[in-house]
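Encoded as structure tokens, the structure appears first; notes follow it.
The values are calculated or read from the model by the stated rules, or taken from the named source; none is laboratory data. Bear in mind that the values here come from a model prediction, so they are computed numbers and not experimental data. Cβ placement follows ideal geometry from the backbone for every residue including glycine, while neighbour counts extend to all protein chains displayed.
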Amino acid sequence: MSAINIKEVNENCMHFTFTNGSLDVVIRLGDLSQESCDAIVNSTNSSLVPDGGLDAIIHEKMGQFFTDQVVAVHKDMQVNSCPIGQSRIFIGKFNREPNDPRFVISTAGPIYTEPEKERAGFLLQSCYYTSLALANIYQLTSIAYPAISCGANHFPPDEAARVAIDSIRRFSYNIKDVRFVLWDRATYDVFVQEWTDYAQQVNKDANKTDQMNDDTSEQLKKPKIPPPVPPKPSARYCVLCKQQKIPADRETLCLDCSQLIRSELFRKFLSNLRIASEKSYDELVHECQLLQPILKLYSLIYTPAKVFDPSIHMRDPISEHYVQQYCDKHFRNSIPLSIAGDGNCFYNTFVKLAGNASTTDGSTLTPIELRARNVVELVLNTDVYRSQYDRLSPILDKFEDYVRREMVRDTNYAAVWDLLSIPTILNIHLTCAYPKVNGPDDLNCQYLNNAQFIPLVEHHAANNQEKKSETSSIVQNVRLLFSNCHRLNNGLSKEKREWVPNHFVPLLNMS
């Protein structure tokens, strides 16, 4: 039976480690808004409007980008923005530092009263259940909690800690790193005591079980000669699930994986890439090599829209402001298309332009599939892309770090690297429009405005007469605007730090 190691790191921090490797729990005194992890949990109210305390501190720490997301939900849902016991997930800071949390999960804790304490306990457990469910859906591995409802909502800390213990053990699943970052000493002491009592009981039960097993094994010990073990025939396993053997008539996927709907298959595909990247870059390269044959089984037919159609398209007025005020004249006869700003706007752009007819099997193309394809293409051809776009080296991040920390994660923002290979994936010519908000000295504008990106095979064919005939003559053109979610007032860039784009939208012709 698994035991729990209890370690006092210092007077302000306790560490509980489950010996079977299923969970690490840390309780510490500190400021939750400063915690470095995948997600911090914000204890809020059903309207999501901060009313002081930790909620207001997290809004201030995360900044305008986070607040705008919350406000958008509140405008639609008002007092039902986040019902008691439910949770909502938001992207953290834009242009976050490495130690900033990637996501904020807001949860509405219950108000505790003695007559309604059972219901309050149920709703508090629901806060943990729904927040952990979101963390698992987004494939997060670390999460940090406050003492939900223990402040203004008057939940007794000892009862709240016991609910937390039960919920974490039942619902954490793939979340291996759970933290409680608590503001005041009294609550910290109670949580530490409750977790210590729980760990000691688990250890006591484990010792009893171990003793019984030892006694039984002593009685059953007899010298035995193990039977010979016949050599196992070599077996091939599915490259996606890694568990099912594949029959002789298949090369890569087991029957179960081959029957997955396309979107779910590529969700698992990207998840495998992310898991490999967490081990090492070499492991990511190996996984890309394993998974690459799957891409040939799911081909693309990409025909992007070129003309703005008001019956199916929505224009983006903020991006239109940047086009008309700050872009070169030849871009000003274009209409920017409204794209969801959920962290996937780069890949959403190409999905939106494709409409519904974008795959050979009739399935809808997804941002996750495009991201997965782009990762494989870049990882397996990094040196070729570096050579082809050597001129962009002053503005390129270190690829190995970027692809492991950012690119393999769904809803993370795209960088210049993503631009290099997407034309190869979709067989397009991609032209960029970069607003001249910061003036002529903006390095990114110098390198990216009017820059054109072409398929890799086309670049090689240009200098190879034999290859020219193999290159598809039908190449679509797409124009991409580096935009921002907020309109820029005149003179604002001079008063504050320089303007940075945080959104991508496509530019369509008027007619």
Any hit, region 19-29, residues being closer than 20 Å to Asp100 by Cα, assigned by TED's automatic domain parsing to the domain that holds Val192, in a loop (DSSP other than H, G, I, E, B) and touching a Leu at 6+ places or on another chain (Cβ under 9 Å): no
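For region 111-126, indicate whether the set of residues that are farther than 30 Å from Glu278 by Cα, outside any helix (DSSP H, G or I) and touching a Phe, Trp or Tyr at 6+ places or on another chain (Cβ under 6 Å) is non-empty.
yes
Every residue, every condition in (1) over 27 Å from Thr382 (Cβ atoms); (2) at pLDDT 90 or above, yes or no:
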site: Gln259; (1), (2): yes, no
site: Leu284; (1), (2): no, yes
site: Leu300; (1), (2): no, no
site: Gln325; (1), (2): yes, yes
site: Pro336; (1), (2): yes, yes
Unique match (being under 19 Å from Ser263 (Cβ atoms) and touching a residue at least 60 places away in the same chain (Cβ under 8 Å)) among Val351, Val375, Val323: Val375
Single residue of Asn20, Asn5, Asn12, Asn42 found to be at pLDDT 95 or above and surrounded by fewer than 15 Cβ atoms within 10 Å (Cβ to Cβ): Asn12
Filter result (of a type in the set (A, V, I, L, M, F, W, C) and under 22 Å from Ser149 (Cα atoms)) within region 1-36: Cys13, Met14, Val25, Val26, Ile27, Leu29, Leu32
Residue check, Leu295 touching a Ser or Thr at 6+ places or on another chain (Cβ under 9 Å), surrounded by 14 or more Cβ atoms within 10 Å (Cβ to Cβ) and closer than 23 Å to Val408 by Cβ: no
Filtered residue count, region 304-341, keeping only those that are under 13 Å from Asn484 (Cα atoms) and acidic (Asp, Glu): 2
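Yes/no matrix, rows are residues, columns are (1) buried (at least 16 other Cβ atoms within 10 Å of the Cβ); (2) under 12 Å from Ile84 (Cα atoms); (3) at pLDDT 95 or above:
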position	(1), (2), (3)
Ile105	yes, no, yes
Pro110	yes, yes, yes
Glu114	no, no, no
Glu118	no, no, no
Gly121	yes, yes, no
Leu140	yes, no, no
Ala152	no, no, no
Any chance Ser311 is farther than 20 Å from Leu270 by Cβ and more than 28 Å from the chain's Cα centre (by Cα): yes
Among the residues listed as Ser87, Ser149, Ser131, Ser142, the single one being within 28 Å of Asp410 (Cβ to Cβ) and touching a Leu at 6+ places or on another chain (Cβ under 7 Å): Ser87
Residue match in region 170-184 (condition: assigned to a helix (DSSP H, G or I) and crowded, with 17+ Cβ neighbours inside 10 Å): yes
Residue list for region 154-199, restricted to those being touching a strand residue (DSSP E or B) at 6+ places or on another chain (Cβ under 8 Å) and within 14 Å of Leu124 (Cα to Cα): Ala164, Ile168
Those helices (runs of 4 or more DSSP H) lying entirely in region 300-383 with at least 2 residues out of contact with any helix residue (DSSP H, G or I) (no Cβ under 9 Å at 6 or more places or on another chain): 317-326, 345-354
